[in-house]
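Have a look at the structure below, then the notes.
The values are calculated or read from the model by the stated rules, or taken from the named source; none is laboratory data. What you see is a predicted model; the values in this text were computed from it and never measured. Quick reminder, even Gly has a Cβ in these numbers, built from the backbone with ideal geometry, and neighbours come from all protein chains shown. In case anyone asks, the SASA skips ligands and DNA or RNA and just uses the protein heavy atoms, side chains included. Shrake-Rupley method; radii C 1.70, N 1.55, O 1.52, S 1.80 Å.
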Amino acid sequence: MAARPQPGPTGDDSSRALPPLRRLRRALGRIGREAALYPTLLRGGRRPGLAVLPSEGRAGASLLRGFNMADALQGRGWRTMVVPHHLSRAQRHRVLGLFRPDLLLVQQARHPLNRVEHLQDWPTVLDIDDADFMDPALEPALSAILARAEGAVCGSRFIRDWAQRHGARARVIWTGTPVSPGPWPLHADRRPLVTWAQLGPEAYRAELGIVAHVMVEVARRRGPVDLRLYSWSGPRDAPELEQMQAAGVRIEILPRLSYDDYLASLREAAVGLSAIARAEGFAQGKSFGKILGYLDAKVPVICSDAADHALFFRPGSGVVSDDPAVWADTVCALLDDPARRQSMADAAHADFRSRLSVDAAADRLHAFLTDLLNHPVQRAT
């Protein structure tokens, strides 16, 4: 399930249990973060204003769908401000009152201040890229925001369908990511390395079972084959690892890396696997996840027929299937054919730039927000 909301900076009681020195440091940090916003607050102008309320700092969805979108929209005619998640309730209201946003872009409801009772002074747009509404602890808060929102920005069709069932104007905008600079290693120069770039893969037992089944079959057909995993913290004698190793799969485990180092490491791979074992429950809200890294690094992708994968990949740009036999066939064929790998990776990378980059997401978000501004919801008084 989704991460439950954590205690946050409500402005009065969130840090009572902390030692006095830590409380002082936290208070000074909030003051400094608020002060850093004032050049933006004083800039003014006639452009429409968008304030982003992320769930956390510059990481994950808050970075990709919050900070990055705020930066990109400035070049598309918007005044933007990201309100640090550390700020207290009083600080938020103070800076928003000075900024006077035309819209708030509220990311999820995991932050305790991203709740409808704290948002009623401004027109709101809900941004949601995980199926947090499947969590009984979060669903009421999300539904309450949606009930008075101008619209919803959704990370997938599944999330859009939920928003529309609540009567919201909803738009699917896939999470965009920055495109790393080239050049990229040619596939003719890459070793036949398969990767499953799931962080902490030992926690995804069903998906690990799929990968193990496929790699055992690949090793049976081709002989020894290399598989790279990331940040494995489970036992090294896990049944799935032992099964693969006994079949001739040479397992390489990398530690947790910075995102830049992670992307650089993917440029060594020949094939990338992305398994979603069951498209039910919270998994239905998954999006492209690690596939973004594969596309950025020009790694050919084999993925489950889940989320919106089949809407992005086309024949020749990737393989979308829930059949392990298809996965094994494709891995073997790609490892033996660097030219085919190169063609598939180049085609997917071109689509990645046009459909899953920061610029692509920002263009769609700009168009949707502009439409919401021009056609506000008419509510009964």
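Yes or no: residue 167 at positive phi, modelled with pLDDT under 95 and over 21 Å from the mean Cα position of the chain (by Cα)? Spell out how you get there, then give the answer.
On the way: at positive phi: yes; modelled with pLDDT under 95: yes; over 21 Å from the mean Cα position of the chain (by Cα): yes.
Against the criterion (at positive phi, modelled with pLDDT under 95 and over 21 Å from the mean Cα position of the chain (by Cα)), residue 167 qualifies.
Looking only at residues that are modelled with pLDDT of 95 or more and of a type in the set (Ser, Thr, Tyr) in region 356-381, which one is nearest to residue 177 (Cα to Cα)?
357
Which of the residues that make up region 259-309 are open to solvent by 60 Å² or more (accessible area, probe 1.4 Å) and either among the small types (Gly, Ala, Ser) or at positive phi (or both)?
Quick first cut of region 259-309, residues open to solvent by 60 Å² or more (accessible area, probe 1.4 Å) only: 259-261, 268, 278-280, 286, 305.
Within region 259-309, just 279 meets the criteria.
Out of region 90-125, which residues are closer than 15 Å to residue 140 by Cβ and small (Gly, Ala, Ser)?
109
Among the listed residues 61, 27, which satisfies the condition of being within 19 Å of residue 152 (Cα to Cα), part of a helix (DSSP H, G or I) and open to solvent by less than 40 Å² (accessible area, probe 1.4 Å)? It would help to see each step written out before you state the result.
On the way: 27 fails: within 19 Å of residue 152 (Cα to Cα).
One residue alone meets the criteria, 61.
Looking at region 103-121 only, could you name the residues that are assigned to a loop (DSSP other than H, G, I, E, B), open to solvent by 30 Å² or more (accessible area, probe 1.4 Å) and either of a type outside the set (S, T, N, Q) or touching a helix residue (DSSP H, G or I) at 6+ places or on another chain (Cβ under 7 Å) (or both)? Spell out the reasoning first.
Taking region 103-121 first, the residues assigned to a loop (DSSP other than H, G, I, E, B) are 108-115, 119-121.
With the extra rule that they be open to solvent by 30 Å² or more (accessible area, probe 1.4 Å), the set shrinks to 110, 112, 115, 120-121.
Passing the criteria: 110, 112, 115, 121.
For region 120-140, how many residues meet the condition of being touching a residue at least 60 places away in the same chain (Cβ under 8 Å) and either farther than 17 Å from residue 171 by Cβ or within 21 Å of the chain's Cα centre (by Cα) (or both)?
Of the residues in region 120-140, 11 are touching a residue at least 60 places away in the same chain (Cβ under 8 Å) and either farther than 17 Å from residue 171 by Cβ or within 21 Å of the chain's Cα centre (by Cα) (or both).
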